[in-house]
Amino acid sequence: MENSASGSAFLQIANDAVSGLAAPTVGLVSIGAVKNQRLPDQKQPELSADKGLGSKLDFFNLTREELGAVLADEFGVPSYRAQQIFGWVYKHGITDFSLMLNLSATLRAKLAERFFFPHAVTRSRQISTDGTRKYLLELDDGDCVEAVMIKQPARMTLCVSSQVGCGMGCKFCRTATMGFQRHLSASEIVRQVRAVLADAINFGDTFQNIVFMGMGEPLHNLKGVVGALRILTDEMAFNMGPRKITVSTSGLVPAIKKFGESGVGVNLAVSLNATTDAVRDQIMPVNKAFPISKLLAALREFPLKARKLITIEYVMLDGINTSEEDLRRLPGLLRGIPSKVNLIPYNDNAGLGFSSPSRDTIDRWHRVLNERGFSATIRWSKGQDIDAACGQLAHKAGSS
Ligand code: SAH
Ligand code: SF4
């Protein structure tokens with residue numbers, strides 16, 4: 001899909017997202033469905049069969065429950081064996097079934113016939129002067145995505161991509177210039193995490209948080225994203241607390257509802273970026289399908305656990321969304337939504353025609369919002385010298 005500005009295109013995107021998740025996710029039937037499903041107008045990742053792997057399943061696409069269903073239905077072994085296999089793969093890093101010695105030799109042989117373990121190949125790694133690392137990762141079909149290990153004072157945050165390109169067409173974002181290429185599978189998201197973790201050994205660090213703020217609109221790809229989240233939060237896999245993971249959306253309202261219903265329980269961030277529909281329509285075409293009032297209503301209904309807050313992201317664009325009226329309106333819009341505000345000074349993307357407001361304006365917004373009872377923080381970008389900051393990710397295979 002092109003960078004469409006039409007509202008109906010976004011209704012279609014929202015429908016695709018919601019129907020993507022609606023596919024059953026447990027049991028053998030469902031795994032067939034996952035493998036074979038092709039959503040309308042969506043280029044899907046290559047199937048294993050396309051790669052001469054016969055009917056093999058990509059191990060990293062399966063939640064523990066789904067793996068248990070394959071074991072029970074195909075091999076007649078109790079589904080709790082999935083726990084042992086997850087332990088080998090995710091805790092011990094073993095992807096050779098013949099080494100999983102607490103399984104019978106027969107089962108090991110059957111597993112080797114049925115599953116394969118694909119990798120994301122690291123095409124390049126750039127290191128910023130601030131310690132942030134950007135990875136260009138190549139997928140099986142040659143498409144590339146970026147993942148960023150963001151250095152913060154007391155921790156590291158891993159930023160992953162959810163799509164190749166993005167179809168939402170936000171005017172200030174470089175990923176938008178690629179248009180929508182395709183969704184990433186759960187496996188391709190898990191593989192980004194594995195690739196970055198494998199390299200982290202070279203730096204003696206690891207990440208404490210994951211944000212879905214790389215390339216793509218995560219809630220356009222509910223199936224891949226929710227599948228990956230189930231694996232990331234599984235105690236037998238990455239064992240990440242849901243509070244350590246944040247998914248950021250541009251505001252696909254029906255998908256926000258579905259995401260809440262999925263029960264994954266991770267943090268939600270929403271890119272509001274304007275206080276009027278007139279301005280938001282101009283910079284974020286998704287607003288034409290789902291205007292601010294509908295978006296905020298969806299946030300008011302979003303199931304939040306105790307003491308949890310929705311993060312409201314506000315990219316500060318000089319002369320566009322940073323007037324005194326905007327600053328007065330914002331607290332009113334957020335009334336009744338348990339939220340905190342992230343002010344994001346615009347990271348320059350040459351040629352897109354936007355710039356960040358002055359330091360004075362940024363500091364004033366920060367101060368005034370806090371005075372009005374909001375927990376507002378300024379999110380200064382990391383990795384700007386390597387174009388690893390928010391909205392600066394855009395890659396095609398062949399370039400690096
Ligand atoms: N697609 C999702 C997540 C990826 S973008 C979303 O839009 O929320 C992550 C964040 O970067 C969003 O808040 C987006 O508004 C912001 N962003 C995009 N381009 C930017 C830029 N050039 N400078 C600063 N923030 C930007
Ligand atoms: Fe897509 Fe987010 Fe960029 Fe908008 S800001 S084009 S939704 S990645």
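Between exposed trypsin sites (Lys or Arg not before Pro) in the chain, where DSSP calls loop and at most 10 other Cβ atoms lie within 10 Å, what's the longest gap? Here the longest segment lacking exposed loop sites spans 39-304. Across all Cα pairs in the chain, the calculated P(r) in 10 Å bins from zero up to the longest distance comes to 5, 23, 33, 25, 11, 4, 1, 0 percent per bin.
Tell me the label-point distance for the pair GLU301, ASP318, using the 7 Å Cα-to-Cβ offset, in nm and rounded to one decimal. Taking the simple label geometry, GLU301 and ASP318 are separated by 4.1 nm.
Taken about its Cα centre, the chain carries a charge dipole of roughly 880 debye when the Cβ of each Lys and Arg holds +1 and the Cβ of each Asp and Glu holds -1. Among ALA255, MET215, SER187, which residue has its Cα positioned farthest towards the positive end of the charge dipole of the chain, with +1 placed on the Cβ of Lys and Arg, -1 on the Cβ of Asp and Glu, and the dipole taken about the Cα centre? The one lying farthest along the dipole's positive direction is ALA255. For SER375 and GLN208, a Förster radius of 22 Å and the Cβ-Cβ distance give a FRET efficiency of 0.65, rounded to the nearest 0.05. For the chain, the mean residue ellipticity at 222 nm estimated from helices alone is -9500 deg cm²/dmol, where every DSSP H run of n ≥ 4 contributes -39500 (n - 2.57) and the total is divided by all residues, rounded to the nearest 500.
Computed over the chain, relative contact order equals 17 percent, with contacts defined as Cα pairs under 8 Å that lie 6+ residues apart. With both labels modelled 7 Å from their Cα along Cα-to-Cβ, the ILE201 to LYS294 distance reads 4.9 nm. The dipole here belongs to region 315-397: it is taken about the Cα centre, uses +1 on the Cβ of Lys and Arg and -1 on the Cβ of Asp and Glu, and is about 380 debye. Along the charge dipole of the chain, pointing to its positive end and built from +1/-1 on Cβ of Lys, Arg, Asp and Glu, which listed residue (ILE85, ALA9, GLY351) has its Cα farthest out? Ranked along the dipole, the leading option is ILE85. Fully extending the segment from SER124 to ALA112, taken as 0.36 nm per residue of separation minus the present Cα-Cα distance, adds 1.2 nm.
Computed from the coordinates by the stated procedures, all read-outs in this text should not be read as laboratory data. It should be emphasised that the depicted structure is a prediction, and the values quoted were computed from it without experimental measurement. Cβ coordinates were reconstructed from backbone atoms using ideal geometry, including for glycine residues, and neighbour counts include every protein chain displayed.
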